[in-house]
Amino acid sequence: MDKLNSTLTAVKSLRSNVRQCFEHLADGTDGEAAEESRNKFVHEFQDKFGAINSQLREVEQLINALQVPQTAYSLGNTAYLALETAQDRHTLYPQLVNSYKWIDKVHDHSFLAFNNLNQNTLRRSYNYCSQKRPRLPFSSFNNDPDHIDKLLSEINTPPHTSYRVFRPFGSNAVAIVTISNVLKAAIVFKGVLIEWVTVKGYDEPLEQDDLWAESRYEVFRKVQEHAHSAMLHFFSPTLPDLAVKSYVTWLNSHIKLFLEPCKRCGKYIASGLPPTWRDLRTLEPFHEECRNC
């Protein structure tokens, strides 16, 4: 490979000198120049031509000294580029070489950046954190079976709201919330976390066999959809008691479901339904069409 590289370098130098010689001839001399200038031009051309002859003999000697390799040089997948006949793909090889050079530079800069980052004295990365923040233990699934009863009794509820707790699924409780003469809601707990909510009318049955059945009234089906959205909003594994209290307080705001007008449009009925949505912070009533306006 060393002989081949030296031969290619000699050919490259020869081509450069030939190009310079022809450029010198193309420039020529001024027609009105003195005889001395013309003689100088001729001498310079003879010197360049002699240098070309000597380089040509040197290239011939280098070529003759080359040995025919026993096997072809391994060019990898780039050897297939020579088989390409499309004119617009003939430039693939130089582009590929430039890509390899660019990748080498990226590797070099990445290595330098890696060394500089390792010498950073601030060390704010997680790799150098000696004291990790302890994870808060979740106690939402393992609680006293009577915890739900105590939790519901602590909630400040209107006088016409009642709770009934039973446990059809072992230790996990189900709370039936009756809000005045308006609606009933079954809240299914897993530990202290709310897993499911079913909302029905006051005159509909809501027992163990009816926990997963929807109401036959469209208004309470819409309230159940909003109740599921509120359930996800108030979900908090780290503060489950606060989440349950906030959710039940929001649910109790439906006590005047058919008596309060919408805060946006001021109407009691829109699209055949009362204001079924209660704001999660202010508990104000809105129609579903008005809450995003």
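Computed from the C-beta positions of T249 and D149 and an R0 of 25 Å, the FRET efficiency is 0.90 to the nearest 0.05.
Please label the shape of the range 2-65 as rounded, prolate or oblate, based on the square roots a ≥ b ≥ c of the eigenvalues of the alpha-carbon gyration tensor (a/c under 1.5 means rounded; beyond that, a/b larger than b/c means prolate, else oblate).
Numbers: a/c = 5.51, a/b = 2.98, b/c = 1.85.
Cα axes put the range 2-65 in the prolate bin.
For the cross-link pairs K222/K245; K3/K105; K48/K105, the ones whose C-alpha atoms lie over 31 Å apart are K48/K105. From most to least packed by mean Cβ count within 10 Å, the peptides 278-286, 60-68 give 278-286, 60-68.
Given a 1.4 Å probe and heavy atoms of the protein chains only, how would you sort W277, W212, W250, W196, largest accessible area at the top? Could you put the intermediate results ahead of the total?
Numbers: W277 25, W212 150, W250 0, W196 85 Å².
Sorted descending by solvent-accessible area, the residues read W212, W196, W277, W250.
Charge tally around A213: other residues with Cβ under 12 Å, Lys/Arg +1 each, Asp/Glu -1 each, net -2. For F220, the solvent-accessible surface computed with a 1.4 Å probe is close to 10 Å², ligands and nucleic acids excluded. Measuring with a 1.4 angstrom probe and ignoring ligands and nucleic acids, K101 comes out at about 120 Å² accessible. Remark: the range 2-65 carries 78 Å² of accessible area per residue (probe radius 1.4 Å; ligands, DNA and RNA excluded).
The values are calculated or read from the model by the stated rules, or taken from the named source; none is laboratory data. All figures in this text were calculated on a predicted structure; none of them were measured in a lab. Don't worry about glycine lacking a Cβ; one is built from the backbone with ideal geometry, like all the others, and counts go over all protein chains shown. Quick note on the areas: whole protein, heavy atoms, side chains included, nothing else; ligands and nucleic acids left out. Shrake-Rupley method; radii C 1.70, N 1.55, O 1.52, S 1.80 Å.
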